[in-house]
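Contents: one structure, followed by commentary.
Any read-out appearing in this document is the output of simple, stated calculations on the displayed coordinates, not a laboratory observation. As the structure is a prediction and not an experimental result, all values here were calculated from the model. In this analysis, Cβ positions are derived from the backbone assuming ideal geometry, glycine residues included, and neighbour counts consider all displayed protein chains.
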Amino acid sequence: MYSYLRQLSQKNLFQSATDFEEIDVSVSDYVPEKPFKGIYVGVGGDVVITDLNGTDATFVDLAANTVHPLAGIKVKNAGTAATSIVVLR
């Protein structure tokens, strides 16, 4: 994973995403094989993301139907109320 994180830091994180994945964190954390560089939230609410350094942050009341440029390595079940989430890579 370290080499992928290094690649992300060398590239513009905000280039168009080329890979998308619908996720459901209602039962367990979402831990992808590769970090993501953004999330789409269909139904707004709080989202807890672990960033590239391993630090958790709660984003309160993220807007619905919006792409948020939040890079991370995990979307946590505990504290996440938003639904219809799609991660972007």
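Projecting the alpha carbon convex hull of segment 2-88 along each direction and taking the average yields 5.1 nm². Sorting E33, E21 by the number of Cβ atoms found within 10 Å of their own Cβ, with the fewest placed first, yields E33, E21. Taken one residue at a time, the phi angles of segment 56-64 give Karplus couplings (6.51, -1.76, 1.60, θ = phi - 60°) of 7, 9, 9, 9, 7, 6, 4, 5, 6 Hz. Gly and Pro are set to x. Under 5 Å from the amide H of H68 lie the amide H atoms of I39, Y40, V41, each residue being 5 or more positions distant or on a separate chain, with H modelled from the backbone and absent for Pro and chain starts.
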